[in-house]
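Take a look at the structure below.
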Amino acid sequence: MKVLIIGSGGREYSIGLSLKKDKNIDKIYFSPGNGKTDELGDNINVNDYNKLVEFAKSNKIDLTIVGPEAPLTEGIVDIFEKKGLNIFGPSKNAARLEGSKVFMKNFLSKFNIPTAKYIETSDFKKASNFIDTLSEPIVVKADGLCAGKGVIIAKTKDEARNTVKDMLSGKSFGEAGKKVIVEEFLDGYELSLFAICDGKDYKLFPAAQDHKRLLNGDKGPNTGGMGAYVPTPLINKTLYDKIKNNIIEPTLKGMQEIGSPYKGVLFIGIMVVNEEPVVLEYNVRFGDPECEVLMPLLKTSAGDLFFKASTGRLKEVDMEFLNIYAVGVVMASENYPYKSSIASEIIVDDTIDDNISANTHISYAGVKKIDGKLFATGGRVLLCIGTGSSISEAKDRAYGLCGQVHFAGKQFRTDIAYQALGV
Ligand code: AMP
Ligand code: GLY
């Protein structure tokens with residue numbers, strides 16, 4: 001089978017790495033890929049979706065896997081399917097679950113799926129009146145895609161009102177903020193759930209936990225995610241059952257009912273409040289860095305899983321997992337998440353510890369090759385992933401590998417998985 005992977009991050013690298021080990025896969029292409037994906041397959045750089053269709057046709061691609069949300073919300077799946085091509089991801093309509101927070105909140109309320117109390121509006125007065133009914137802090141969200149930055153947790157009612165004002169005027173997020181959600185603050189802990197869906201059926205990965213803040217102890221600004229681990233012990237069978245029965249199944253049924261059956265990865269951001277799961281958000285793709293720790297757990301052929309899911313035959317797949325834990329630590333460039341950083345060469349020492357070399361690997365993201373040398377090009381550069389029979393073993397191995405990786409200005413958290421380890 002020939003596969004085309006759309007995207008350039010650690011998420012796409014890790015999908016490629018799993019496919020590379022899969023004997024069903026003969027060839028992998030990445031568009032655009034990064035400075036290391038070219039060692040797993042071929043990088044191509046085709047920005048236009050119709051040209052990608054031509055590429056997929058002329059190269060006899062059996063399956064296209066879409067990593068990031070932007071092509072999905074722009075309708076890449078519809079364009080490929082119209083031309084009879086197999087593609088794993090939701091349609092443009094279904095991708096509104098992530099692309100529009102207003103759509104998402106209205107969907108949740110229509111199908112009685114638990115979520116924070118909210119109002120959606122473009123009217124400052126309405127927002128202000130609703131703010132008066134809430135207790136502080138208060139959450140304000142821009143409607144559209146804002147690269148993870150469109151959520152503001154306002155400490156006071158005045159701050160919430162000012163945030164709404166700036167969003168509605170287009171000052172803070174342009175068009176994406178012309179409609180806002182104001183919602184109650186949920187106090188609990190977060191989990192990331194990933195369901196592979198084929199429009200009718202779904203298969204669930206073990207729950208993961210991300211670390212969105214830049215600094216140890218969940219301090220500092222929000223980022224795309226600084227590290228993740230899986231499976232998390234912060235969930236038990238009762239909670240899984242509630243998530244399946246009260247959230248995932250009504251979501252998939254609801255999507256069918258509105259004529260947008262959901263195919264692809266459904267990523268549900270959940271806040272657990274007093275042992276009850278509440279939906280914070282949906283994403284229509286794998287999380288990054290969650291994908292990088294989920295992939296190593298997969299015992300089932302990744303190629304078969306994605307192919308069957310994209311062709312409505314998920315029922316035929318027995319999704320099995322290795323009985324291990326995985327911890328991933330993001331190494332980011334100096335100025336992340338504020339601004340770009342100067343490219344710096346990456347040196348990875350040879351690992352002499354057999355335990356570390358056998359149970360770790362790097363997933364590459366913000367990297368490029370110049371004259372055969374690898375450079376960190378900014379943002380989240382790479383992830384060091386460790387696996388083991390416990391979270392602490394996997395974590396120690398991941399950090400052992402971090403010690404072998406060098407580039408100027410590297411920064412990473414040293415407490416990934418702390419909630420699971422109780423430190
Ligand atoms: P979202 O993009 O909606 O997932 O929001 C990004 C992050 O903001 C989440 O991962 C939470 O950490 C936080 N957040 C969003 N909504 C709420 C809420 N209602 N209560 C508390 N935290 C929230
Ligand atoms: N790690 C969170 C995300 O991918 O949105």
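The values are calculated or read from the model by the stated rules, or taken from the named source; none is laboratory data. Given the structure is predicted, the values throughout are model-derived calculations rather than measurements. Cβ atoms come from the backbone with ideal geometry, glycine included; neighbour counts cover every protein chain shown.
What the table below lists for this structure:
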read-out	value
Check on residue 409, over 23 Å from the mean Cα position of the chain (by Cα), of a type in the set (Gly, Ala, Ser) and under 16 Å from residue 216 (Cα atoms)	no
Region 187-229 - residue that is outside any strand (DSSP E or B) and among the small types (Gly, Ala, Ser) and, of those, farthest from ligand 1 (Cβ to nearest atom)	199
Failed item in (1) within 16 Å of ligand 2 (Cβ to nearest atom); (2) at pLDDT below 95; (3) under 25 Å from residue 242 (Cα atoms), with residue 141 passing the rest	(3)
Single match in 302, 332, 309 (criterion: within 27 Å of residue 37 (Cα to Cα) and within 15 Å of ligand 2 (Cβ to nearest atom))	332
Test: residue in region 150-160 that is within 16 Å of ligand 2 (Cβ to nearest atom) and modelled with pLDDT under 95	yes
Residue match in region 57-68 (condition: closer than 21 Å to residue 263 by Cβ, crowded, with 17+ Cβ neighbours inside 10 Å and among the polar types (S, T, N, Q))	yes
Helices (runs of 4 or more DSSP H) contained entirely in region 278-393, each with at least 1 residues that are in contact with a strand residue (DSSP E or B) (Cβ under 7 Å, 6 or more places away or on another chain), aliphatic (A, V, I, L, M) and in contact (Cβ under 8 Å) with a residue 24 or more places away in the chain	290-294, 302-310
Top-ranked residue in region 161-186 [being assigned to a loop (DSSP other than H, G, I, E, B) and touching a strand residue (DSSP E or B) at 6+ places or on another chain (Cβ under 8 Å); ranked as surrounded by the most Cβ atoms within 10 Å (Cβ to Cβ)]	173
